[in-house]
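Okay, structure first, notes after.
The values are calculated or read from the model by the stated rules, or taken from the named source; none is laboratory data. Since we're looking at a predicted model, the values are computed, not measured. Cβ coordinates were reconstructed from backbone atoms using ideal geometry, including for glycine residues, and neighbour counts include every protein chain displayed. Quick note on the areas: whole protein, heavy atoms, side chains included, nothing else; ligands and nucleic acids left out. Shrake-Rupley method; radii C 1.70, N 1.55, O 1.52, S 1.80 Å.
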Amino acid sequence: MVAYMEHKDLANERLDPSRGIEIRDGVHRVMDAVASAAADSGRNPDDIRLLAATKTRDVGEIMAAIDAGVRLIGENRPQEIEAKAEALLKLCAQRGLGLGVGGNGVGDVPSARASEHVGFHLIGQLQSNKINKVLPFVTTIESVDGLRLAERVARRAVSGGRSVGVLLEVNESGEESKSGCAPEEAQELACSIADLEGLELRGLMTIGAHVDDEGRIRAGFAHLRGLRDAILASGEAGTASCRELSMGMTHDMGYAIEEGSTIVRVGTAIFGERAFI
Ligand SMILES: *Cc1c(COP(=O)(O)O)cnc(C)c1O
């Protein structure tokens, strides 16, 4: 059990009205920032999805973000998914919204009914013994960084009679503290994953370099885009769906959007500073 989970009831549904307004304003501010970064780089804002990174936030806080228009959420820890999923599904259903694997079955793919569905991704590290905890809820795992994990997820997906979306996480910054595969092995790995039954390779994910140097942060994002383009161009089996670039967080989403991001994962700018790590 993660320590902060003992201090905060993550399944709590009640929300102080002023906190609700704070979150709504945060969502709108971030949506405006996404739109203006898209405009600055000549991109269609509809090609960039806002994922609310909801680690340490409770059900009431997450629903405030959804009520403000968020249609994609991402959790880091299987234990948090377990703690919140049931209440989230119930409250989404009350609003006529599907969530993740549950609900109206639109799933993760943008469609005419996408506004009635909230996508649900795992964005944090996954240990093999937790796969069964997340598969009933999430449509896409953004943090697959090796073939062994991919094979295990694939096996569980096949036995559950479904297919699971996967993003290959690449450690573009080379920082030791970060997960993700090495950039040199990403293309070969992506092709192996794309070929697995039960998985759909939907794209690549990275966490920006933790530095002040704009050039280095951008270089990592640009390299990820080049990798995505090369994987798509390879024509290998299963790679045609490898289109997403999940990159950009609170402090670097402007750069990421200019470098081609299709999913920005934002926590702090929506919900405020985290009280727990
Ligand atoms: C927490 C987290 C985010 C969001 O970070 P902020 O800086 O709070 O916007 C994005 N991606 C991952 C993988 C995270 O763990």
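What to note about this one:
- Cβ separations smaller than 8 Å between residues 6+ apart or across chains give the following pairs from region 262-277 residues that are at pLDDT below 95 to residues that are near the ligand (Cβ under 8 Å from one of its atoms) and assigned to a loop (DSSP other than H, G, I, E, B): Arg274/Lys55; Arg274/Gly267.
- Screening the candidates Leu224, Leu204, Leu196 for the property of being in contact (Cβ under 8 Å) with a residue 24 or more places away in the chain and away from the ligand (no atom under 16 Å from the Cβ) yields one hit, Leu196.
- Residues in region 227-261 that are in contact with a Leu (Cβ under 7 Å, 6 or more places away or on another chain) and within 16 Å of the ligand (Cβ to nearest atom): Glu244, Leu245, Ser246, Met247, Ser261.
- Residue check: Gly69 meets all listed conditions (1) touching a strand residue (DSSP E or B) at 6+ places or on another chain (Cβ under 7 Å); (2) part of a loop (DSSP other than H, G, I, E, B) but one, namely (1).
- Filter result for Glu116 (out of contact with any Phe, Trp or Tyr (no Cβ under 9 Å at 6 or more places or on another chain), more than 16 Å from the ligand (Cβ to nearest atom), open to solvent by 10 Å² or more (accessible area, probe 1.4 Å) and at pLDDT 95 or above): no
- Taken together, the residues in region 262-277 that are within 12 Å of the ligand (Cβ to nearest atom), part of a loop (DSSP other than H, G, I, E, B) and open to solvent by less than 30 Å² (accessible area, probe 1.4 Å) amount to 2.
- Residue check, Gly215 without any contact (Cβ under 8 Å) to a residue 12 or more places away in the chain and outside any loop (DSSP other than H, G, I, E, B): yes
- Matching residues in region 196-245 - criterion: being open to solvent by 60 Å² or more (accessible area, probe 1.4 Å) and in contact with a strand residue (DSSP E or B) (Cβ under 8 Å, 6 or more places away or on another chain): Glu200, Arg225, Arg243
- Being touching a Leu at 6+ places or on another chain (Cβ under 6 Å) and away from the ligand (no atom under 16 Å from the Cβ) is not true of Arg218.
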